[in-house]
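In what follows, a structure is listed as C-alpha cells, so that the remarks can point back to it.
Please treat every number below as a calculation from the coordinates, not as lab data. Just so you know, these numbers come straight off a predicted model, no measurement behind them. Backbone-built Cβ (ideal geometry, glycine too); neighbour counts: all protein chains shown.
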Amino acid sequence: AAQNGDQSNHGLAQTLNAVVAAALEAVVDPDGQLDPLTQAHIVDAGAVGFLLGLDTLRASALGEELQPELLEGLHGYGVQDPHIHLDHESEGIELMCTINLSPLDAATLRLQL
C-alpha cells in the first residue's frame, strides 16, 4: 500500500509471477496431493485449467502475452503426443464448463464444435 507508480506495478508483477510459478509447481510435482494421478504419471486437468486461468490474469494485469511454454512437457498436453495409458479402459478427455448463451449463440457454438 505504501508503494505507488512503477513500484506498485513492479510488486504486482512479482506477485502474479510468483502465483503462476507456484501453480505450475503444483501441477508438475503433485507430490502426495493426488496419489492416483502421481502413480499414473498424469496431471490434474483442473489444476492445469487453474494454472492457465492464473496466467491469463497475470498477462491481462501486466499487459503481457500468455506463456504457452507452461504446458511444455506436461504429459498429454502436446497435440502430437499420444495419450495412451495401458491400464486405462477408455481414452479421451473430459472437459466441464458452464457457458451462458442465447439460443442462437448456443446453436452457432454447437455447429462450430
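Table for the structure above
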item	result
Cα→Cβ-extended label distance, 7 Å offset, between L113 and A59, nm	2.2 nm
Most to least packed among 97-105, 21-29 [average Cβ atoms within 10 Å]	21-29, 97-105
Label-point separation in nm, A106 to V19, each point 7 Å along Cα→Cβ	3.2 nm
Mean Cβ count within 10 Å, highest first, over the residues of peptides 12-18, 59-65	12-18, 59-65
